[in-house]
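The values are calculated or read from the model by the stated rules, or taken from the named source; none is laboratory data. Because the structure is predicted, anything quoted here is derived from the model rather than measured. Glycine gets a Cβ as well: all are built from the backbone with ideal geometry, and neighbour counts include every protein chain shown. Please note that ligands, DNA and RNA were not included when accessible areas were found on the heavy atoms of the full protein model with its side chains. Shrake-Rupley method; radii C 1.70, N 1.55, O 1.52, S 1.80 Å.
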Amino acid sequence: MIGQKTQWIKSCPSTNDLARELAIAGEEEGTVIIAEEQTKGRGRKGRSWYSPKKSGLYASVILRPPKSEVSLIPLVAGIAVREALLDTIGVEVWLKWPNDLVWEEKKLGGILCESGFYGNRLSFVILGIGLNINHDFEDFPPELRHQVISLRMIKKENIDLQELLPKLWKAMDNWYALFLQGKEKEIIDSFLQNSSLPLGEIITVVTEKGAFTGIFKGLDLYGRLILEERVRKMSFLSSEIETIKRD
Ligand code: BTN
């Protein structure tokens, strides 16, 4: 059960790193590590994740899926966070593929999944979740202020993490169970229903190899983004993406 065992830490460089160490030492599936602050919080693509004291949720979950195809796990996490926020706080966030949680185009949170191998066998996945909870506008660094938002800024009141967490782990558990049962289609459908990018929209996908503009045609069963350019159909892995822009 996800969240049945939770370790609360005052401060650490990154909960993903701590969870990785625990997973290597044999910690069981479902254990959650939560820190009050991170001194080296990480995002995708080597970006840093701003993690000031007591303002955010900085959590990592140890998973041990029995299959090696795990590219849907970040999608599962996004769907679960959305469900929990809607149920407990009444805030509706949207999922921006591959791993962003957005509210009115501003970033409220993100997911960072990292895998650990034993030889060439998948041994564990660390599912990192970062959410902006009780930040005020001025708490963010000036260069971020116009791109980000917190639950407190949306609701105009303090948010109690203890109310959110049980629902979050329950939703995560339900969606992770569907993932383990091979219900890829349900997961993709739910993600697309709650996607901030509507199907059929013209988007530009920026990767290390260049920018590609086309029509957003959805996600395949591996969670890859499908883009239809004028003469060809392309698919992108989440790891290839720098950003996605709407035209
Ligand atoms: C992103 O949007 O790029 C992903 C951000 C993920 C941040 C979380 S906070 C908890 C966990 N520990 C980290 O260092 N990163 C993730």
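One table, with the values for the structure above:
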| read-out | value |
| --- | --- |
| Residue satisfying condition, being within 10 Å of the ligand (Cβ to nearest atom) and basic (Lys, Arg), within set 44, 145, 82 | 44 |
| Cβ pairs under 6 Å, 6+ apart, first in the stretch 170-185 and under 15 Å from residue 127 (Cα atoms), second open to solvent by less than 40 Å² (accessible area, probe 1.4 Å) and assigned to a helix (DSSP H, G or I) | 171/80; 171/84; 172/80; 175/76; 175/79; 175/80; 176/76; 179/76 |
| Filter result for residue 58 (among the hydroxyl-bearing types (Ser, Thr, Tyr) and in a strand (DSSP E or B)) | yes |
| Residue in the stretch 59-70 that is among the polar types (S, T, N, Q), within 13 Å of the chain's Cα centre (by Cα) and buried (at least 17 other Cβ atoms within 10 Å of the Cβ) present | yes |
| Count of the stretch 73-103 residues which are open to solvent by 10 Å² or more (accessible area, probe 1.4 Å), in a helix (DSSP H, G or I) and touching a Cys at 6+ places or on another chain (Cβ under 9 Å) | 1 |
| Residue in the stretch 62-73 that is modelled with pLDDT of 95 or more, under 24 Å from residue 11 (Cβ atoms) and within 11 Å of the ligand (Cβ to nearest atom) present | no |
| Tabulated pairs, the stretch 14-27, first within 13 Å of the ligand (Cβ to nearest atom), second assigned to a loop (DSSP other than H, G, I, E, B) and open to solvent by 10 Å² or more (accessible area, probe 1.4 Å), C-beta under 7 angstrom, 6+ apart or interchain | 14/40 |
